[in-house]
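What follows is a single structure, written as structure tokens, with notes after it.
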Amino acid sequence: MFEPFREENLPDNVLQSGKSLSVSASRYFRKCTRPSYPTKSGLKGDAKQTIYQYAELVGTKSRTLGARTDHASRTRPTSVSDKLHIKPPAQAINRILFLLATCALGYISMVISGDIPMETRIIIVAYCNLFAICVFAAALPGALIPDEKLSFHQLVNTSPQRLFNDRLGQWQPVILCLLIPPVIASFYEPSNLGGDLFQKALLVAFSWLIIVATGLYSFQYYLTIGAKSQAWQEGKEGGWWDNAVEFNPKLQLNLPRGMLPALFATARVFVVGIIPLVVGLKLRQFGPLALVLIPAGLALVWTVFRASKLRQSFDRYYYHTNAFYTELFKRGSISITDRAPVSYDAVYWVPAKWRAHTWASLLQFDRVLPVGRFMTIGVVVYWILSTQNPPGTPVNSAFLLLMLVTKNLTVVTLTKPRLAPNLIEATFQSKPGWSMTRFFVNLRWTMPAGLALLSVAFFSSQLSYLTVGLWVAVDVILAFLAAWGITYFNHKFQRTRLAA
């Protein structure tokens with residue numbers, strides 16, 4: 001839900017303007033739209049009636065904010081989930097980012113493969129698998145934990161099987177995205193598209209088996225880690241780590257004890273994925289390419305067997321893991337970033353009309369998504385690509401465009417219900433005002449990105465200063481289009497969905 005700002009943290013001029021993010025408004029919104037519900041009691045009797053009363057209440061609130069009230073123009077939802085799942089267009093943005101990432105990986109795979117011998121092609125496919133294993137080892141906690149639909153699943157008492165399918169369905173796009181590079185790296189050979197098809201098909205099968213097995217194991221292990229994390233947090237487990245820290249104090253980590261099992265899980269998932277990859281490549285040296293399928297197939301059979309057992313009792317692990325990490329992340333035990341929040345004076349470059357809202361949005365943004373860290377990683381990768389290829393090559397340009405598009409689309413995070421409730425969106429600013437606010441949020445990293453490009457242009461004659469200026473202009477245009485489009489569709493979605 002919406003995280004209100006404390007009044008003591010707001011500048012005097014913001015409080016006096018009357019346009020600050022009001023604590024009383026957020027409390028009123030919570031009081032109106034979040035009555036107490038029974039949890040895990042099923043949709044029976046009063047519980048079912050309460051759900052429909054809540055849906056009707058939300059529709060009533062939306063109509064007071066200007067939605068149409070004529071019954072002929074409104075279409076009622078046909079299910080309870082339609083009445084309760086009031087989402088901003090973040091899902092559409094996630095699909096766009098997924099499509100862009102898939103295209104970028106496919107393009108890079110096409111560039112690095114080309115007309116190369118089979119042995120080199122096997123090495124490239126192995127690197128594709130290694131990249132996928134690293135993603136599975138590190139990305140799942142940030143993508144799936146904690147679940148934003150936790151309260152809804154408690155309310156409707158979702159079965160273990162449906163819970164498992166729902167969470168796996170959210171993880172499937174990542175697996176599917178990582179299945180594409182091995183296919184392109186294996187089959188793309190312009191001078192010999194129809195040659196060695198059987199060998200290339202075996203190579204793709206070997207890669208797919210490992211990717212699916214590792215992705216499924218990562219899904220199982222991370223989403224069932226709640227009990228172990230709680231035991232570590234309470235001191236019931238992890239004595240060996242305490243002894244290691246006592247022996248070597250340099251091993252001490254600035255993390256809660258409950259986070260350590262998830263940290264160690266990164267290495268565990270990596271080992272599980274790398275073993276069949278290394279064993280398969282070793283078997284390739286002693287016989288035909290088909291031997292590589294043996295360890296990969298065994299790994300997949302093992303993970304599918306574990307998944308079939310977990311599916312029957314997934315609800316126990318699901319609620320335990322989400323309860324622990326919700327407490328850890330959302331109740332102040334740990335934060336996404338430990339640096340000082342951005343001060344009001346730091347947004348001096350924003351016009352006074354939108355400065356307060358931009359500052360408040362940046363505070364919320366930094367709490368949930370540290371974009372600066374991802375931008376730093378992206379700039380470092382671009383520098384590395386520039387040392388390997390001329391800065392103007394299609395690979396470098398495609399990566400830079402992908403980085404800028406992703407940077408500007410992340411502003412969709414600010415349209416989530418807990419950061420931008422309908423009451424706040426409708427009363428504190430107009431639609432153009434919110435568009436300008438999010439435009440300035442996107443511009444926050446435009447100057448650092450431009451300085452990174454200038455550093456490349458300074459050392460390389462392949463990238464002119466005029467080209468740097470064009471890239472900065474592209475970033476400003478993308479920032480405006482992303483802010484305007486996301487705000488427009490968010491307002492439209494809220495009014496039409498809440499009025500239903």
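Nothing in this text is a laboratory measurement; each read-out follows from the coordinates by a stated rule. No experiment lies behind these values; they were computed from the predicted model shown. Glycine also receives a Cβ, built like all others from the backbone with ideal geometry; neighbour counts cover every protein chain displayed.
Quick notes on this one:
- LEU283, LEU216 arranged by Cβ crowding within 10 Å, fewest neighbours leading: LEU283, LEU216
- For the range 155-167, 3J(HN,Hα) computed residue by residue from phi via the Karplus equation (6.51, -1.76, 1.60; θ = phi - 60°) reads 5, 9, 6, 4, 5, x, 5, 6, 4, 4, 5, 5, 5 Hz, glycine and proline entered as x.
- The alpha carbon centroids of the range 419-441 and the range 444-500 are separated by 19 Å.
- DSSP-loop chymotrypsin sites (Phe, Trp or Tyr not before Pro) across the range 117-187, with at most 15 other Cβ within 10 angstrom: none
- Checking the Cα-Cα distances for LYS228/LYS309; LYS416/LYS492; LYS236/LYS309 against a 21 Å cut-off, the pairs over it are LYS236/LYS309.
- The phi torsions of the range 108-115, fed into the Karplus equation with coefficients 6.51, -1.76 and 1.60 and a -60° offset, translate into couplings of 5, 5, 5, 5, 7, 8, x, 7 Hz, rounded to whole numbers, with Gly and Pro shown as x.
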